[in-house]
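Data block below; observations after.
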Amino acid sequence: MVTMSEPHLVDEELLEEERELLALDRSRPTPNQQDGGTTRDHAWLMIIGGIVGVFASIQLVLAEMQLLRDPDAVLACDINPVVGCGGSLTAWQSQLLFGIPNALVGTAVFGVVLGVGAVFLARGRMARWFWQLMSLTVLAGIGFVAWFAYQSMTDIRTLCPWCMVTWTVVIIVGFQTLRRAAQAGHLPGGHSLSRVLTRESWLLTVLTFVVLIAAIVVAFWTQWSMLLGI
């Protein structure tokens, strides 16, 4: 004789099997992620990254205002001939978007990152199109970092310390956002992309930093040698 409790037992067994599968394959999305949410770790990463990015961007805005008042001003972030803000802030590359300073754009973008992270931390969920828009923004941000880093090494010939802080935030938060978007099936590419981004996102992040640091060392090797007396 079948009792009314047996279906509930079957449901509990299925839920337990699902938990075991998720534990074995972390590339599979949780129900919350499928509904547009994310993990608390990712939410906190967005919040912390947003705070750091806003702070660094504001420092650049203040430095640029100081230069507008006094073009000969010595900025606190001008550390040595290689590391300094002045050369970057006076270059045309610092106002890429319709003459708007990159620092102002960064302040707004990182503010949005902070706000979205807070929404996720409160268990909020975003529509699929929003995750896709975030992913496109991340790719654009990583592309901008690569472009500005190249310009810093080849044309500007200085490394802006606050800029490098924002680069770090974009790379770390960016790869983790792409990871969660792919894991939940918000991006094209299927299960293969999901597994790669989920399992290797930190490896991709580290490799990006290795390539960036290696390029900086090579590009400024002569200046480093002179500063260090090698």
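Quick rundown of the values:
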item: Filter result for ARG123 (crowded, with 18+ Cβ neighbours inside 10 Å, touching a residue at least 24 places away in the same chain (Cβ under 8 Å) and either in a loop (DSSP other than H, G, I, E, B) or among the basic types (Lys, Arg) (or both)); result: no
item: Candidates LEU193, LEU204, LEU187 - the one that is touching a helix residue (DSSP H, G or I) at 6+ places or on another chain (Cβ under 6 Å) and either surrounded by 21 or more Cβ atoms within 10 Å (Cβ to Cβ) or not in a helix (DSSP H, G or I) (or both); result: LEU187
item: Of all residues making up the stretch 59-83, the number that are in a loop (DSSP other than H, G, I, E, B) and either at pLDDT 95 or above or of a type in the set (S, T, N, Q) (or both); result: 1
item: Whichever residue in the stretch 149-169 is assigned to a helix (DSSP H, G or I), out of contact with any strand residue (DSSP E or B) (no Cβ under 8 Å at 6 or more places or on another chain) and of a type outside the set (A, V, I, L, M, F, W, C) and, among such residues, is surrounded by the fewest Cβ atoms within 10 Å (Cβ to Cβ); result: THR154
item: Options ALA56, ALA108, ALA118: the member that is part of a helix (DSSP H, G or I), surrounded by 19 or more Cβ atoms within 10 Å (Cβ to Cβ) and either of a type outside the set (Lys, Arg) or in contact (Cβ under 8 Å) with a residue 12 or more places away in the chain (or both); result: ALA56
item: Residues (more than 19 Å from the chain's Cα centre (by Cα) and either under 18 Å from THR30 (Cα atoms) or at pLDDT 90 or above (or both)) located in the stretch 189-220; result: GLY190, HIS191, SER192, ARG195, ALA214, ALA215, ILE216, VAL217, VAL218, ALA219, PHE220
item: Of all residues making up the stretch 132-178, the number that are out of contact with any helix residue (DSSP H, G or I) (no Cβ under 7 Å at 6 or more places or on another chain), among the polar types (S, T, N, Q) and closer than 17 Å to LEU97 by Cα; result: 1
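The values are calculated or read from the model by the stated rules, or taken from the named source; none is laboratory data. No experiment lies behind these values; they were computed from the predicted model shown. Here the Cβ is made from the backbone with ideal geometry for all residues, glycine too, and neighbour counts use every protein chain on show.
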